[in-house]
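For reference, the structure is listed below as structure tokens.
Derivation of every value follows stated rules applied to the coordinates shown; laboratory data play no part. Keep in mind the model is a prediction, meaning the values are calculated, not measured. Reconstructed Cβ throughout: ideal geometry from the backbone, glycine too, with neighbour counts over all protein chains shown.
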């Protein structure tokens with residue numbers, strides 16, 4: 001298996017990082033990420049990140065849980081075991097609400113957790129980026145961009161020169 005190579009570039013401030021993200025995306029890079037000590041408004045648009053599909057996955061599983069709960073309770077009380085209890089109709093939806101709500105929330109929560117793990121390609125127990133001296137600044141005062149060798153446009157020297165030309169103040173190469 002080929003070794004993963006990553007270029008870590010530091011930028012002066014959030015505005016420079018947003019501008020760099022727009023230029024990187026404009027140059028055709030797709031497998032890059034930006035890191036900062038706090039969320040930066042407008043970074044998703046600058047990186048070209050689309051809205052997550054996780055909400056649709058959770059909604060689909062919530063609807064499945066809701067439908068499954070109602071169908072199971074209807075079948076059990078109206079078809080399989082039709083008993084008249086206190087004069088209530090066979091399909092008394094008011095009694096079904098707690099189970100229906102619980103199954104709806106349970107399936108949506110499970111789908112959200114599993115979907116998030118799959119979409120984020122987790123668990124990944126170790127990433128070579130964590131060994132980078134420059135990356136340690138991301139949680140404190142660094143505005144960083146990382147580009148991985150899995151990007152089709154990646155070429156170590158050409159990418160390094162491009163990052164320098166768009167205003168990177170420090171660049172580090174990391175190898176797996």
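Quick notes
- If R0 is 22 Å, the Cβ-Cβ spacing of residue 19 and residue 161 corresponds to a FRET efficiency of close to 0.80.
- By the count of neighbouring beta-carbon atoms within 10 Å, fewest first, 29, 56 end up ordered 56, 29.
- Using a Förster distance of 41 Å, the FRET efficiency for residue 151-residue 106 (Cβ separation, nearest 0.05): 0.60
- Helix 93-119 and the longest principal axis of the Cα set of the chain meet at an angle near 20°.
- When you work out D = kT/(6 pi eta Rh) for region 1-94 at 37 °C and 0.692 mPa s, using the Kirkwood radius from C-alpha pairs as Rh and the Stokes-Einstein form, the result is 177 µm²/s.
- Once the Cα atoms are used to define both axes, helix 14-26 deviates from the longest principal axis of the chain by about 90 degrees.
- Estimated from helical segments only, the mean residue ellipticity of the chain at 222 nm is -14000 deg cm²/dmol, where each DSSP H run of four or more residues counts as -39500 (n - 2.57).
- With contacts taken as Cα pairs under 8 Å and at least 6 residues apart, the chain reaches a relative contact order of 51 percent.
- Highest mobility in the GNM of the chain, judged by mean-square fluctuation with C-alpha springs under 10 Å and restricted to 121, 53, 137, is found for 121.
- Once the Cα atoms are used to define both axes, helix 156-165 deviates from the longest principal axis of the chain by about 80 degrees.
- Computed FRET value (nearest 0.05) for residue 113 with residue 45, which takes r as the C-beta separation and R₀ as 30 Å: 0.65
- Across the alpha-carbon atoms of the chain, the computed radius of gyration and Dmax are 25.2, 81 angstrom.
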